[in-house]
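Reviewing the structure listed below.
The values are calculated or read from the model by the stated rules, or taken from the named source; none is laboratory data. Everything numeric here is computed off the predicted structure, so don't read it as measured data. Methodologically, a virtual Cβ is constructed for each residue, glycine included, from the backbone with ideal geometry; neighbour enumeration extends over all protein chains shown. SASA here: full protein model, heavy atoms, side chains in, ligands and nucleic acids out. Shrake-Rupley method; radii C 1.70, N 1.55, O 1.52, S 1.80 Å.
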Amino acid sequence: MSKIQNIQDVAEYQLCSGCGVCAYLAPENVEIIDVLDSGRRPKLKSPSSAALESELLGACPGMGVKHNTKDREEEFQHELAKSWGPILEIWEGYSSDPVVRFKASSGGATSALAAFCIQELGMEGLLHIAARKDVPFLNETVLSTSKDEILERTGSRYAPASPCDKLDLVENAKSPCVVAGKPCDITGVANAAAIRPGLAKNIGLTIACFCAGTPTTRGTLKMLKTMGVDDPRNVRSLVYRGQGWPGRARVEFEVAGETRDSELTYAESWGDIL
């Protein structure tokens with residue numbers, strides 16, 4: 001018998017990626033909390049039935065990630081498959097909007113594609129991650145419905161995030177949406193859509209960004225300390241990258257009523273700390 005019997009076991013065996021799909025599927029039973037030294041993790045609010053636990057484990061990326069390749073096997077670049085999985089084509093590009101390209105972390109492709117889907121294809125919005133306004137060094141899931149909102153929230157967030165915890169915003173939308181996240185998050189989206197027809201109907205496009213792992217909140221707090229922030233409650237804004245390549249980590253904070261700012265290079269922030 002498998003040692004993993006429920007979604008809590010996934011976290012305890014350190015298989016959880018924190019995507020939040022379990023909280024979307026069972027909001028009355030599961031909530032996602034921030035564990036300082038681990039990341040976003042599920043917490044059981046009430047007991048779940050065996051049938052529900054089976055559904056949650058079936059949607060969980062921590063239980064395994066699979067590709068459905070049977071229909072397009074001949075099109076793959078097989079020499080890349082061992083390292084990268086099934087690849088159809090490789091393109092290089094960036095946003096043609098200089099503002100989007102400059103502000104974003106990696107050329108603004110995700111932001112540009114999502115804005116196009118909203119403005120030109122009539123999709124309702126982009127489900128993605130943004131800094132929490134009340135606690136800027138933490139993240140929250142948002143549905144941006146305009147290019148301006150996307151631009152306000154663009155850029156990589158090197159901190160725990162659970163974009164799947166708000167998939168109900170997509171399911172209840174009036175028209176299809178874009179969903180952006182890490183590859184494990186997008187696996188959670190696909191798994192959930194396979195069992196929720198209402199969600200599947202409203203998935204207009206999914207975009208998975210390259211991921212090298214998610215630093216914990218402890219990592220961000222250590223980075224802030226290095227940047228001169230003694231009390232994280234004083235942080236007013238935090239940007240991990242952007243405004244050029246690869247971009248600098250930048251924080252704005254208050255000390256004794258005075259606004260200050262500090263920066264680290266990408267090598268210092270990501271390479272040395274995060």
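Between D97 and D71, what length in nm is gained on full extension when 0.36 nm per residue of separation is reduced by their alpha carbon distance? The partial results should precede the final answer.
Values: separation 26, 0.36 × 26 = 9.36 nm, distance 3.58 nm.
Using 0.36 nm per residue and subtracting the Cα-Cα distance, I get 5.8 nm.
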Starting from the Cα of K201, step 7 Å along the direction of its Cβ; do the same at K3; then give the gap between the two resulting points in nm. 4.3 nm
In order over the range 215-220: 3J(HN,Hα) from phi, Karplus 6.51/-1.76/1.60, θ = phi - 60°, whole Hz, x for each Gly or Pro, gives x, 7, 4, 4, x, 4
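Rounded to a whole number, what % of the accessible area of the chain do carbon and sulfur atoms account for, probe 1.4 Å?
On the way: 7680 of 15170 Å².
Looking at the chain in its full context, I get 51 percent from C and S.
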Name the residues of the range 1-15 whose amide N is less than 18 Å from a point 7 angstrom out from the Cα of L44 along the C-beta direction? 2-15
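What ranking, highest mean first, results for peptides 179-185, 39-45 when packing means the other Cβ atoms within 10 Å averaged over each residue? If you can, show how the numbers build up before the last one.
Values: 179-185: 23.6, 39-45: 19.7.
The packing order, highest mean first, is 179-185, 39-45.
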Chymotrypsin sites (Phe, Trp or Tyr not before Pro) restricted to the range 194-256 and DSSP loop, no more than 15 other C-beta within 10 Å: F210
Here, E28 and Q119, labelled 7 Å along Cα→Cβ, have an inter-label distance in nm of 4.3 nm
Whole-Hz Karplus couplings 3J(HN,Hα) for the range 70-81, θ = phi - 60° and coefficients 6.51, -1.76, 1.60, Gly and Pro as x, run 5, 8, 9, 3, 6, 8, 6, 8, 5, 5, 9, 4
Rank E120, E74, E263 by mean-square fluctuation in a GNM of the chain with C-alpha springs under 10 angstrom and give only the top-ranked residue. E74
Residue of P61, P136, P232 that the Gaussian network model of the chain assigns the largest fluctuation, springs spanning Cα pairs under 10 Å: P232
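Take the cross-link list K43/K166; K66/K166; K66/K201; K43/K225; K70/K182 and give me the ones stretching past 26 Å between alpha-carbons. Before the final figure, lay out each step's value.
Numbers: K43/K166 16 Å; K66/K166 23 Å; K66/K201 21 Å; K43/K225 29 Å; K70/K182 24 Å.
Listed pairs above 26 Å: K43/K225.
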Tell me the label only: which of (i) 139; (ii) 114; (iii) 159 is volume of the Cα convex hull per residue in Å³ as calculated from this structure? (iii)
What's the magnitude of the charge dipole for the chain around its Cα centre, counting Lys and Arg as +1 and Asp and Glu as -1 at the beta-carbon? Answer in Debye, nearest 20. 240 debye
The set of residues whose placed amide H lies less than 5 Å from the amide H of G247, leaving out same-chain residues fewer than 5 positions away, is G242
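Taking the alpha carbon gyration tensor of the range 42-191, what are the square roots of 5 times its eigenvalues, largest first, to the nearest whole Å? If you can, show how the numbers build up before the last one.
On the way: eigenvalues 141, 119, 47 Å².
Values for the range 42-191, descending: 27, 24, 15 Å.
Using a Förster radius of 35 Å, what is the FRET efficiency between K82 and C209 based on their Cβ-Cβ separation? Nearest 0.05, please. Intermediate values should be presented prior to the final figure.
Working: r = 22 Å, r/R0 = 0.62.
Computed FRET efficiency for K82 and C209: 0.95.
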